[in-house]
1. With the chain treated as a Gaussian network of Cα nodes joined by springs under 10 Å, which of 115, 23, 73 yields the largest mean-square fluctuation?
2. Per the Cauchy relation, a quarter of the hull surface: what is the mean projected area of the convex hull of the alpha carbons in segment 132-239, in nm²?
3. Report the Cα-based extents of segment 328-370 along its three principal axes, largest first, to the nearest Å.
4. Give me the distance in nm between label points sitting 7 Å out from Cα along the Cα-to-Cβ direction at residue 51 and residue 156, one decimal.
5. Counting other C-beta atoms within 10 Å, which of 157, 106 has the fewest, and how do the rest follow?
6. With viscosity set to 1.567 mPa s and temperature to 4 °C, compute the Stokes-Einstein D of the chain, Rh being the Kirkwood radius across alpha carbon pairs; µm²/s, no decimals.
7. Could you check the simple spin-label distance between residue 255 and residue 132, using points 7 Å along Cα→Cβ, in nm with one decimal?
8. Using just the helices of the chain, give the 222 nm mean residue ellipticity in deg cm²/dmol: DSSP H runs with n ≥ 4 each add -39,500 (n - 2.57), and the total is spread over all residues, rounded to 500.
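Bear in mind these aren't lab numbers, they're just calculated from the coordinates by the rules spelled out. Because the structure is predicted, anything quoted here is derived from the model rather than measured. Virtual Cβ from ideal backbone geometry, glycine too; neighbours counted across all protein chains shown.
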Amino acid sequence: MKTSDFSFDLPDCLIAQYPPERRGQSRLMLLDRVTGKREHSMVEELPAILAGKEFAGDTGGLPLLVFNNSKVRKARIIGKSLQTGAQVEFLLLERNKEERGGGCVWKVMARRAKRRRVGDCYAFFDVLGVEVARAEIVGLEGEFRLLAFDRLVDDDWLERYGHIPLPPYIRRGDESADADRYQTVYADAAGSAAAPTAGLHFTRELLERLEAGGIECVFITLHVGLGTFLPVRSEYIEDHSMHEEQFFISDKSAAKIEQAKAGGRRVIAVGTTSVRTLESAWVDDEGQGRLRRGGQATSIFIYPGYQFKIVDCLFTNFHTPESTLLMLVSAFVETKAGAFAGRELILESYAEAIRGEYRFFSYGDAMLIH
């Protein structure tokens, strides 16, 4: 299947540049992947929607929601080249175990990466112009760079001097409000270079209403890396490789998910990162499915033809053209819509969303696929 098969035209005016005025005040498209029927609602109506018969499991039980509680680092840093004086920008992805004196080494993505060579040095400053770190490129890893700092750059340092890493289709600098709005209300474990954006719709009040209605919510952790969002550059999707991402599933969460699955209740993944975590950790142990516990890693690439093992429904945002996220959603629809029908049904649904002026991408509206 070609990457271009997942292309669609989107007016720039529908790419959400800001979140809605109040968290959770987003539109929601419901898509039945068996019948292809589409309905339109609001995210705040989710408790009533999930209590409906369409979401009853085999035993009529209420569904279980699985959230990714990874926290976004202020991983975007801006400094100055000591060779040219030009402004530079890096996105810190993963800190290496290697330490250099009192400093540390990070794997980074660099803007205008081809200009960033081994031996280049940079300085970073606080808002008053005081130098807070220096760094040197000490290695290359494909499209990534290894940036060695002269001091410890950890989450505390990034919280003080870093910026929220808004995606490139948000064509503005980060603002103070983004520190709150580009973070889920239940974010707990720092480590992501981008938000698990489906979760941005949920307020504490909405979570309380869900649980008051008997809908169980559990949390897992996948630290979102750039592998999820890097463009697919190969002509055929089968030739694309995902970068590895770290995840963690606690005993408590795993047990609740296994109980829901064994009891015939629907497991609803909130976001594609939750899907990738669950599908990576699920194993069929002599006919009895279970989840592997603890810290793990995945580079799973889900595209049409994949057979889902655990996820029954998916709450997600509207995704970018030709992205691995759009391919995952198409694969999820395909499992019920029939061979190669998933892509067509998703693109038809996106076309309807465009006609209805839904807001797209990270700060945009949502879909619930069941």
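1. In this elastic network of the chain, the residue with the biggest mean-square fluctuation among 115, 23, 73 is 115.
2. Numbers: hull surface 41.5 nm².
Value for segment 132-239: 10.4 nm².
3. Extents along the principal axes: 30, 18, 14 Å.
4. Each label point lies 7 Å from its Cα, and together they span 4.7 nm.
5. 157, 106
6. So the translational diffusion coefficient is about 60 µm²/s.
7. Placing both labels 7 Å beyond Cα along the Cβ direction yields 4.2 nm.
8. Working: 8 runs with 76 residues, N = 370.
Helix-only estimate at 222 nm: -6000 deg cm²/dmol.
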